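Rule-based calculations on the coordinates, nothing more; no lab input. If you're wondering where the values come from, they're calculated on a predicted model, not measured in any experiment. Here the Cβ positions follow ideal geometry from the backbone for every residue, glycine too, while neighbour counts run over all protein chains shown.
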Amino acid sequence: MLISVSILFWFTYLPVAVWFLYFKALGYMDASAHPEDLEFAKMGHTILTLISFANTAGNFFLYCLTGQRFRQELGEMLGIKRNSKVKEVGNSSVKTVSQKL
């Protein structure tokens, strides 16, 4: 789970860091820059901000996909009980109940 969250973080925040370093090094973030350059920088900033927000939204889905304990706690919080399991033993079924300590 930690690996998938880390990979998502790098894919969503690395472009933001590169973008800001690039434009800061070229001086496009200064007030003396051309208006076209400022508009391009604002558009890029908006797009990359949305991509970085995708990291936050993606974390929820990654935790749901990869974290069994997260799914259990989320289910309990939402009122979905999954504590009992039915196991087939021969021709009869046995119901077991798990409890938390």
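Among residues other than Met43 whose Cβ falls under 13 Å from its Cβ, what is the net charge (Lys/Arg +1, Asp/Glu -1)?
With Lys, Arg at +1 and Asp, Glu at -1, the neighbours total -2.
On a full-extension model of 0.36 nm per residue, what is the gain between Trp10 and Thr46, subtracting their alpha-carbon distance, rounded to one decimal in nm?
Taking 0.36 nm per residue and subtracting the Cα distance, the gain is 11.1 nm.
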